[in-house]
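Scroll down for the structure; my scribbles are underneath it.
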């Protein structure tokens, strides 16, 4: 495939979300939103586990009795940190690997040989997050998403990857009583809360191939919406991330079934989405990238599927 048809995706604005095909069709595309996941639901224990925090004292302060006010301040501080960690919800994306020669406007080569620069061409992501290669990868405009969801007070940023030792140093652990005794409680609380928020964007360096961009939110009452679940109103559903008009391209796997491929194309056509739909046709040594919004082979596949029914 000529690289020209993909250059519009090779920039820092494009972020990719891998998911199951039915999730993409029935929820993301149909509802035009992405749901946040609770941080505690992450498979990564470094993200999902809570710290066993205590208050540490050093030097002469160890022998001094703790005043009633100090005891109250410490309890307030611990609770505020736990609240942040328990409230945080997130959505994970991956980015392009910038710096490739294809960024040059004069470059006129092929896509082949430049696959690794694109966020949709990550085999481990297709396996782990896109239902073992049978799912979908959706390309979004990051700037459009952020502009559309200003009311959510989003926390967002690139993931920083580090070693275990650096994670131990960077992530907020114990509370230091000596420092609290020198600062106003609100000042120390703000300092620790900022450290906790930053730590939401730390992962072990083994994950650095994901090249992740993360969007998160700290829910409060104005970030919940009503949703009908099994015929009953549920007022505790977190407001989703609005992605209407933010989709730039859809990538589907050749291992998805024909009905799902048809549904993706049908959705794009019926909603007059002026976006390309590509299929990654997996090979023994790589993949072929096929334009599935216009190729006749898609119609042939649909005909075969309907004849089979």
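The values are calculated or read from the model by the stated rules, or taken from the named source; none is laboratory data. In this text the structure is predicted, and so the values were computed from the model without any measurement. Quick reminder, even Gly has a Cβ in these numbers, built from the backbone with ideal geometry, and neighbours come from all protein chains shown.
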It is to be established whether one or more residues within segment 54-66 are at pLDDT below 95 and touching a strand residue (DSSP E or B) at 6+ places or on another chain (Cβ under 6 Å).
yes
Looking only at residues in segment 274-290 that are touching a strand residue (DSSP E or B) at 6+ places or on another chain (Cβ under 8 Å) and in a loop (DSSP other than H, G, I, E, B), which one is farthest from residue 256 (Cα to Cα)?
275
Inside segment 115-127, can you point out the residues that are touching a helix residue (DSSP H, G or I) at 6+ places or on another chain (Cβ under 9 Å) and either without any contact (Cβ under 8 Å) to a residue 24 or more places away in the chain or buried (at least 18 other Cβ atoms within 10 Å of the Cβ) (or both)?
117, 118, 119, 120, 121, 122, 125
How many of the residues in segment 32-58 are in contact (Cβ under 8 Å) with a residue 12 or more places away in the chain, more than 18 Å from the chain's Cα centre (by Cα) and either closer than 24 Å to residue 158 by Cβ or surrounded by fewer than 14 Cβ atoms within 10 Å (Cβ to Cβ) (or both)?
4
Please count how many residues of segment 151-186 are under 18 Å from the mean Cα position of the chain (by Cα) and at pLDDT below 95.
2
Could you go through segment 172-189 and let me know if any residue there is farther than 29 Å from residue 21 by Cβ, in a strand (DSSP E or B) and either touching a strand residue (DSSP E or B) at 6+ places or on another chain (Cβ under 9 Å) or touching a residue at least 60 places away in the same chain (Cβ under 8 Å) (or both).
yes
Being outside any loop (DSSP other than H, G, I, E, B) and closer than 23 Å to residue 145 by Cα is the filter; apply it to segment 72-102 and report the residue that is modelled with the lowest pLDDT.
87
